[in-house]
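> Before we start, here is the structure in question, set down as structure tokens.
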Amino acid sequence: MILLLDYDGTLTPIVSDPAEAKIEPARKKFLTELAKRHTLAMITGRDIESLRGVFGDIPPTIYVITSHGASIYRNGRLLKRFATAKAPDLSSLKEKLSSVKGVIIEEKEGCFAVHYRKVGEKEEERVKEAFREFIEKHPPKKVIEGKKVLEAVYGGFDKGTAVKNFLEFIKWDGQEPVIYIGDDTTDRDALRAVKELGGTGVFVGERKPPEADILLKNVEEVYGFLRSL
Ligand SMILES: [Mg+2]
């Protein structure tokens, strides 16, 4: 089986500081074991350093697809890079948001993200406005609005293309069952891709989007589901 798993909100609960979304040791051990029996890839909006920061050392059997599909890593090595365009210089945006407390600007491969989970409600609009202004001047290929995060993607990839590129990369035979699990708007592209390919899409949240086959309520249920495989 091929298991494609989002990280934040899927394998770990969403927390106010993304740098604190550490995986529980028992869950990491479980995933390490799972990856011995199945092809397992984590598909995340994070870059590799950011994921290592919360996951720790990544077992050599687990693939990591970073920045919504910009690159594929395994065993500490970059195996393939799909990013075609760089993100613009962010200094004007940083300058503009320097007075907003709690805002986090994350520069990644071919994209950048503005996290505002820790920003006061009154300041949220200011953050969004600054983001809008910036992308008007530097139009990205795609804008993704996630859970208290705005992302601008310049590389022309999303989690949908990430799924297709990965399956091609591992020379998927078209037969082995594919399961994708994710919790956010960005994952819906992936769920759509998996559905097109005849796989199973699992959404984590309150309501099942049309692209998904199965709904799980929370991270706890994700591990229950994975254990049942
Ligand atoms: Mg997520």
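Nothing in this text is a laboratory measurement; each read-out follows from the coordinates by a stated rule. On a predicted model such as this, the values are computed, not experimentally measured, just so you know. Note that each Cβ is placed from the backbone with ideal geometry, even for glycine, and that neighbours are counted across all protein chains shown.
> Direction-averaged shadow area of the convex hull around the Cα atoms of the chain, nm²?
Here the figure is 12.0 nm², rounded to one decimal.
> Under 14 Å from a label point 7 Å along Cα→Cβ of Lys142: give me every residue in segment 190-229 with its amide N that close.
Only 190-194 pass the distance filter.
> Another question about this same structure. According to a simple spin-label model (label point 7 Å from Cα along Cα-to-Cβ), what is the distance in nm between Lys195 and Arg132?
For the pair Arg132/Lys195, the computed spacing is 3.0 nm.
> Right, something else. Taking only C-alpha pairs under 8 Å that are 6+ residues apart, what is the relative contact order of segment 91-153 in percent?
33
> With contacts defined as alpha carbon pairs under 8 Å and 6 or more residues apart, what's the relative contact order of the chain in percent?
So the answer I get is 19 percent.
> According to the square roots a ≥ b ≥ c of the eigenvalues of the Cα gyration tensor, what is the shape class of segment 52-122, taking rounded for a/c under 1.5, prolate for a/b larger than b/c otherwise, and oblate for the remainder?
oblate
> Taking springs between alpha-carbon atoms closer than 10 angstrom, which of Arg188, Arg207, Arg132 fluctuates most in the Gaussian network model of the chain?
Of Arg188, Arg207, Arg132, the most mobile in the Gaussian network model is Arg207.
> What nm value, rounded to one decimal, do you get for the distance between Glu123 and Asp89 when each label is placed 7 Å out toward the C-beta?
2.6
> Once label points are set 7 Å from the Cα along Cα→Cβ at both Gln175 and Glu221, what is their separation, rounded to one decimal in nm?
Each label point is offset 7 Å from its Cα along the Cβ direction, giving 3.4 nm.
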